[in-house]
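Chemist: Can you keep this structure in mind? I'll have questions shortly.
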């Protein structure tokens, strides 16, 4: 794939900078499950080699006009608008054209900085700048929300009220081939506690640790990934940057590196309007709900999308992280995990075989690779570990969940397969939630949902911090 794209990228460089440009290297970067990002090193006429970034749609697929997202051409315009307003952004050199044969995308300035969330949270290199980042986030977000859009650009962005946003995401989830009662519970809770009197602004919609480029000297040097921008409640951005998914194990709520107080102070220093902390918390709950649905969509996209990858399949299992975050935000409490070791056999057990493959990927493949291949090797090893943990339970988790649902009054049909019976039990619970037959504040219901979410998370990602929030 990269080899096929390289000469086309060379043509774009010649179109932008004049004839004689030569591509020195062209590599796809790790991450970017929804779009593709490449580093291009090129020698322009008479110059030393310089680096660029190329961002393009997955598989070069044309933008779907029915999509709620504005597309990469609009994203490039937002980069340019933000840059002219003093928001730290790279320069956009070119928006890809149909004749470039690369699909939608754009060529932009390469900036030096760190985007890996875990390094920003943990590395000593960022120890001096970390205490400043939350306030910087607040200041940058305030400037984003103050941007004035020209009418043409404004018309190309969708306008979402909080209610529309919840319903759109809930509808999107309901079209997927899965039943996850905690997602339905959270949607109903959000609809029952909607914020009111919101003043629509430009919302970045993916402002978080991991989409911010950070330098150890200055802090934020670029705000990346505007592909989800829309017009709506600006508190969406403040809630999203606080979501546990983007703390990368850090103890502090804002990106794992700062406090809400510093975030709000930075925001208020620009807007002179006090931040409503409860409204931000609503958006934090929504953020975990939104990501729970979006991760499931990633797995679905892998099944029928133009650019299948193990990354998308693995991201699909991250929905359990977000569901447990919703539990901890709405009704934290105690739970007990099912734990089993596989029975010994004369031949190597299947979990032992899988463990050997995982060990090989981690100890042999990872050290011998770099870039995206190394990243995907790690993702593959983690995916195998999920299968090992799930297989070791031998269905005990599903049986325990079914028993709890029976205790709530949702009986399993014993003659059916365990999976289909559990599917029907979950569906019956969801219908009861929608009809109001069971109340959202029912203690037995909340205990069941907490136990189910925790058990699934223990399979998918036992080191995720949400499992540490259990009350004694």
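The values are calculated or read from the model by the stated rules, or taken from the named source; none is laboratory data. For clarity, every value in this text was computed on a predicted model and none was experimentally measured. Every residue, glycine among them, receives a Cβ derived from its backbone with ideal geometry; neighbour counts consider all protein chains shown.
Chemist: Can you name the number of the only condition in (1) farther than 30 Å from residue 299 by Cα; (2) assigned to a loop (DSSP other than H, G, I, E, B); (3) modelled with pLDDT of 95 or more that residue 141 fails?
Modeler: (2)
Chemist: Which of (1) part of a helix (DSSP H, G or I); (2) farther than 30 Å from residue 8 by Cβ; (3) touching a residue at least 40 places away in the same chain (Cβ under 8 Å) does residue 153 not meet, given it meets every other one?
Modeler: Every listed condition holds for residue 153 apart from (2).
Chemist: Residues being assigned to a helix (DSSP H, G or I) and surrounded by 15 or more Cβ atoms within 10 Å (Cβ to Cβ): count how many of those fall in the range 263-281. Steps first, answer last, please.
Modeler: The initial filter retains those residues of the range 263-281 that are assigned to a helix (DSSP H, G or I), namely 263-271, 277-281.
The next check asks that each one be surrounded by 15 or more Cβ atoms within 10 Å (Cβ to Cβ); those that pass are 263-268, 270-271, 279-281.
Within the range 263-281, residues that are assigned to a helix (DSSP H, G or I) and surrounded by 15 or more Cβ atoms within 10 Å (Cβ to Cβ) number 11.
Chemist: Sticking with this one: Of the conditions (1) at pLDDT 95 or above; (2) farther than 21 Å from residue 176 by Cβ; (3) surrounded by fewer than 18 Cβ atoms within 10 Å (Cβ to Cβ), residue 434 satisfies every one except a single condition; which number is it?
Modeler: Going through the list (1) at pLDDT 95 or above; (2) farther than 21 Å from residue 176 by Cβ; (3) surrounded by fewer than 18 Cβ atoms within 10 Å (Cβ to Cβ), residue 434 breaks only (2).
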